[in-house]
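What follows is a short report on a single structure.
The values are calculated or read from the model by the stated rules, or taken from the named source; none is laboratory data. These figures come from a predicted structure and were not determined experimentally. Neighbour counts run over all protein chains shown; Cβ positions are idealised from the backbone, glycine included.
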Amino acid sequence: MSDPAPSASAFSSCPVPLAHRAEITVGHGGGGTLTQDLIDRLFRPAFAHPALDAQHDGAVLTAAGARLAFTTDAHVVSPLFFPGSDIGQLAVNGTVNDLCMCGARPLWLSAAFILEEGLPTATLQRVVTSMRQAAAAAGVAIVTGDTKVVERGKGDGLYVTTSGIGLIEHALTIAPASVRAGDAILLSGDLGRHGMAIMATRANLSFESAIESDCAPLVAPVQALLAAGLELHCLRDLTRGGLATALVEIAETAQLALAVDETAVPVTELVRGACEILGLEPLYVANEGRFVCFLPAAQADRALEILARTAPGGPPALIGHVRPAPAGQVTLRSVIGAERILDRLSGEQLPRIC
């Protein structure tokens, strides 16, 4: 006997998220399909500018003969303090790293605070102290800012927005559009620590060793790669949406195909175990101190040697190569040799992680 056909109501209640929504959802902030839809439908048409078309971690601008990188970031992480880091360190390193991904030497930051009425001043003191220490470690100065206070219950404690300016001191154009077929894809270190440190804290998960956030500045490894004279084509730090989303964004902008070997992607046993418990995929978990590097395959060994000395969370790894086609596609070869296509997340995997 054949099964009855599904009713129309069964289809109408399907929970698959729709790309175009009448209201903003939490998923719009997750860095996946909904975020990209918001950017493409609203922000890019409203603020049309060639710098936005690069779809990079920051804008590359020219002023008085100098090439500058400019970026901005809002930080709404919950909880404010988590193993290995906090919202203050995250705010500084997040902006510093976006400038690094443009190939710039970070110089100056701004910091704007939205404080909720009732926030303990001791909490704010701890955050700004952390920011001062992170800025010193990254070699930048916080030179301007702003403060606003909202009513109790309206601000979730504390939000921080940081903007940054960096100087580009070379002739390279480091951006997704510079990626070329044949390029090697390097990963600076292991994946998933930041997102899983926060999720483990929220879920009160206990492990033999604590999972600590990978939050760290990326100035040293990027400047070392540049000082070595390597032909860097693209850099991207793996924040919201993790490695998978970053690769999809680059493939679509470059209109090339990326082939990645899953067995080459480093994930610690602690992170992998936590992901299994929570039903998460490490490739999509956020990081705050890891990046991918695209450069000619002939220079991969030299770049790996430099990253092994300078990048946090090593050892680095060669995880894949760039192919000419099919344009915009990212494939992952599994441990058993099967290939599957990687795509953006349709919604929010880890809410409030940065």
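Here Leu247 fits the description: in contact with a strand residue (DSSP E or B) (Cβ under 6 Å, 6 or more places away or on another chain), at pLDDT 95 or above and in a helix (DSSP H, G or I). The set of residues in the stretch 50-79 that are surrounded by 18 or more Cβ atoms within 10 Å (Cβ to Cβ) and closer than 30 Å to Asn204 by Cα comprises Asp73, His75, Val76, Val77.
Does Val96 qualify as being in contact with a Pro (Cβ under 9 Å, 6 or more places away or on another chain), at pLDDT 95 or above, under 15 Å from Val160 (Cα atoms) and not assigned by TED's automatic domain parsing to the domain that holds Arg236? For Val96, the condition - in contact with a Pro (Cβ under 9 Å, 6 or more places away or on another chain), at pLDDT 95 or above, under 15 Å from Val160 (Cα atoms) and not assigned by TED's automatic domain parsing to the domain that holds Arg236 - is met. Scanning the stretch 61-106 for residues that are part of a helix (DSSP H, G or I) and among the acidic types (Asp, Glu) yields a single hit, Asp98. Among residues of the stretch 273-289 being in a helix (DSSP H, G or I) and under 20 Å from Pro176 (Cα atoms), the one that is farthest from the chain's Cα centre (by Cα) is Leu283.
Of the residues Leu270, Leu258, Leu304, the single one that is more than 17 Å from the chain's Cα centre (by Cα), under 30 Å from Phe81 (Cα atoms) and crowded, with 17+ Cβ neighbours inside 10 Å is Leu270.
If only residues of the stretch 155-192 that are hydroxyl-bearing (Ser, Thr, Tyr) and not in a strand (DSSP E or B) are counted, the one that is surrounded by the most Cβ atoms within 10 Å (Cβ to Cβ) is Ser188. Within the stretch 114-152, the set of residues being touching a helix residue (DSSP H, G or I) at 6+ places or on another chain (Cβ under 8 Å), closer than 19 Å to Ile165 by Cα and assigned to a strand (DSSP E or B) comprises Ala141, Ile142.
Among the residues of the stretch 202-218, none qualifies, meaning not one is surrounded by fewer than 24 Cβ atoms within 10 Å (Cβ to Cβ), part of a helix (DSSP H, G or I) and polar (S, T, N, Q). Taking Arg105 and the conditions (1) touching a residue at least 40 places away in the same chain (Cβ under 8 Å); (2) among the charged types (D, E, K, R); (3) farther than 30 Å from Glu231 by Cα, which numbered condition does it fall short on, given that it satisfies the others? Among (1) touching a residue at least 40 places away in the same chain (Cβ under 8 Å); (2) among the charged types (D, E, K, R); (3) farther than 30 Å from Glu231 by Cα, the lone unmet condition for Arg105 is (3).
Among the candidates Val292, Val222, Val267, the residue that is assigned to a strand (DSSP E or B) and modelled with pLDDT of 95 or more is uniquely Val292.
I'd like to know if the stretch 51-60 contains one or more residues that are assigned to a loop (DSSP other than H, G, I, E, B) and at pLDDT 80 or above. Within the stretch 51-60 (the criterion being assigned to a loop (DSSP other than H, G, I, E, B) and at pLDDT 80 or above), the answer is yes, since at least one residue qualifies. Taken together, Phe47, Phe82 contain a single residue that is surrounded by fewer than 13 Cβ atoms within 10 Å (Cβ to Cβ), over 18 Å from Ala135 (Cα atoms) and not basic (Lys, Arg), which is Phe47.
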